[in-house]
1. Residue by residue through the stretch 38-92, note down the ones that are among the aliphatic types (A, V, I, L, M), crowded, with 18+ Cβ neighbours inside 10 Å and within 23 Å of LYS19 (Cα to Cα).
2. Conditions: (1) farther than 24 Å from ALA96 by Cα; (2) touching a Gly at 6+ places or on another chain (Cβ under 7 Å); (3) not charged (D, E, K, R). VAL25 meets all but one. Number of the miss?
3. Need pairs with beta-carbon distance below 7 Å; first residue over 15 Å from GLY54 (Cβ atoms) and within the stretch 11-39, second hydroxyl-bearing (Ser, Thr, Tyr) and surrounded by fewer than 17 Cβ atoms within 10 Å (Cβ to Cβ); sequence gap 6+ or separate chains.
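Coordinate-derived values only; no laboratory data. Everything numeric here is computed off the predicted structure, so don't read it as measured data. Because the Cβ atoms are built from the backbone with ideal geometry, glycine has one as well, and the counts that use them run over all protein chains shown.
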Amino acid sequence: MTVDYARAAELYRQACDAKEWSGCVNLGLAHERGRGVARNPAFAARLYQQSCEGGDVWGCNNLGALRARGAGGGPRDTASASELISRACTAGLPEACANQFLIRFREGGVVGADLTSPACPSTR
């Protein structure tokens with residue numbers, strides 16, 4: 001089976017234009033990775049921001065991940081990244097909780113108690 005990334009990106013664009021936030025997230029992923037569209041992490045960040053503001057936790061998580069890496073057209077901003085990813089984690093997205101843990105680990109702020117935090121869905 002062949003994947004038509006350009007067609008998928010067009011459908012995601014249509015969904016995003018209709019304020020279907022998961023379409024914006026998926027279009028952002030396409031632009032972040034350059035699949036079916038030109039690679040454009042800054043545009044991906046704008047799409048993630050739009051979807052996060054619309055209430056899609058994946059948008060918050062992905063925007064936070066970009067900011068944590070300093071990708072998406074801005075400098076590395078772990079404080080902003082942590083806030084965005086924390087929002088997604090608190091909403092119940094386990095991948096965001098893992099990302100939050102990784103940011104804290106890289107910054108040297110993880111202690112053993114963090115592994116059993118009520119904020120982590122796997123320990124609830």
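1. Within the stretch 38-92, ALA44, ALA45, LEU47, VAL57, LEU63, ALA65, LEU66, LEU84, ILE85, ALA88 meet the criteria.
2. Of (1) farther than 24 Å from ALA96 by Cα; (2) touching a Gly at 6+ places or on another chain (Cβ under 7 Å); (3) not charged (D, E, K, R), only one is false for VAL25: (1).
3. Close Cβ pairs satisfying both conditions: ALA30/TYR5; ARG35/TYR5; GLY36/TYR5.
Conditions tested, residue by residue: (1) part of a helix (DSSP H, G or I); (2) under 14 Å from the mean Cα position of the chain (by Cα); (3) not hydroxyl-bearing (Ser, Thr, Tyr).
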residue: ARG13; (1), (2), (3): yes, no, yes
residue: CYS16; (1), (2), (3): yes, no, yes
residue: LEU29; (1), (2), (3): yes, yes, yes
residue: SER51; (1), (2), (3): yes, yes, no
residue: GLY72; (1), (2), (3): no, yes, yes
residue: PRO75; (1), (2), (3): no, no, yes
residue: ARG87; (1), (2), (3): yes, yes, yes
residue: GLU95; (1), (2), (3): yes, yes, yes
